[in-house]
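For reference, the structure discussed in these notes is given below.
The values are calculated or read from the model by the stated rules, or taken from the named source; none is laboratory data. Quick caveat: nothing in here was measured; it's all calculated off a predicted structure. Quick reminder, even Gly has a Cβ in these numbers, built from the backbone with ideal geometry, and neighbours come from all protein chains shown. For accessibility, only protein heavy atoms count, side chains too; no ligands or nucleic acids. Shrake-Rupley method; radii C 1.70, N 1.55, O 1.52, S 1.80 Å.
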Amino acid sequence: MDQRTDPDLVAPERAALDQFLDYHRATLLSKTDGLGAEAMAARLPTSELTLAGLLKHLALVESSWIQERFLGRPEEEPWASAPWDDDRDWEFHTAVTDDPEELRELYRATCGRNRAALAGVDLDALSVGRDSEGRQWSLRWILLHLIEETARHNGHADLLREAIDGVVGE
């Protein structure tokens, strides 16, 4: 997954969605390449966001949407024991003390588990979980949401990485 591959210009819908999500997943990981703990915890003066926090947050987002909401599985660690009532942004705040390689591995493993769990599942399949009004999400909607959220945070990661060491690019 660390290797960024441009999505095919012509592909069936499911393949296109999977390729775009994998592209953005790999982009996020590339923004953390070669960075140690101090750089991963660096902030811009106007924000609390860090590259470490983005990795941990997107691992949470992936796990929450696929494992919990879509598949109906119980919350996994480290999320299950997190003190969400005390700190609703726990993943962002604690990531700065996490080992950078462990964060990268958490994200890789979460994405890999989700990729395997969704293999062959129809885009029109509905989630086990429901929203506050009792509505279900289609897998198509969830994948589009994950692409949107990951791409948006990649923009944040671009700014953070450039501020850390001047590295720019896709």
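One table, with the values for the structure above:
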{"quantity": "Residue within region 11-27 that is crowded, with 16+ Cβ neighbours inside 10 Å, within 19 Å of GLU149 (Cβ to Cβ) and hydroxyl-bearing (Ser, Thr, Tyr) present", "calculated": "yes"}
{"quantity": "Residues of region 82-92 satisfying the condition of being open to solvent by 20 Å² or more (accessible area, probe 1.4 Å) and out of contact with any Gly (no Cβ under 7 Å at 6 or more places or on another chain)", "calculated": "PRO83, TRP84, ASP85, ASP86, ASP87, ARG88, ASP89, TRP90"}
{"quantity": "Subset tally (residues that are surrounded by fewer than 17 Cβ atoms within 10 Å (Cβ to Cβ) and assigned to a helix (DSSP H, G or I)) for region 58-81", "calculated": "1"}
{"quantity": "Qualifying residues in region 122-166 (those that are in contact (Cβ under 8 Å) with a residue 12 or more places away in the chain, more than 20 Å from the chain's Cα centre (by Cα) and under 22 Å from PRO74 (Cβ atoms)) - the one least open to solvent (accessible area, probe 1.4 Å)", "calculated": "ALA125"}
{"quantity": "Unmet requirement for ALA41, which otherwise passes all of (1) in contact (Cβ under 8 Å) with a residue 60 or more places away in the chain; (2) surrounded by 14 or more Cβ atoms within 10 Å (Cβ to Cβ)", "calculated": "(1)"}
{"quantity": "Looking only at region 6-57, and only at residues there that are touching a Ser or Thr at 6+ places or on another chain (Cβ under 6 Å) and not in a loop (DSSP other than H, G, I, E, B), the one that is farthest from ASP99 (Cα to Cα)", "calculated": "HIS24"}
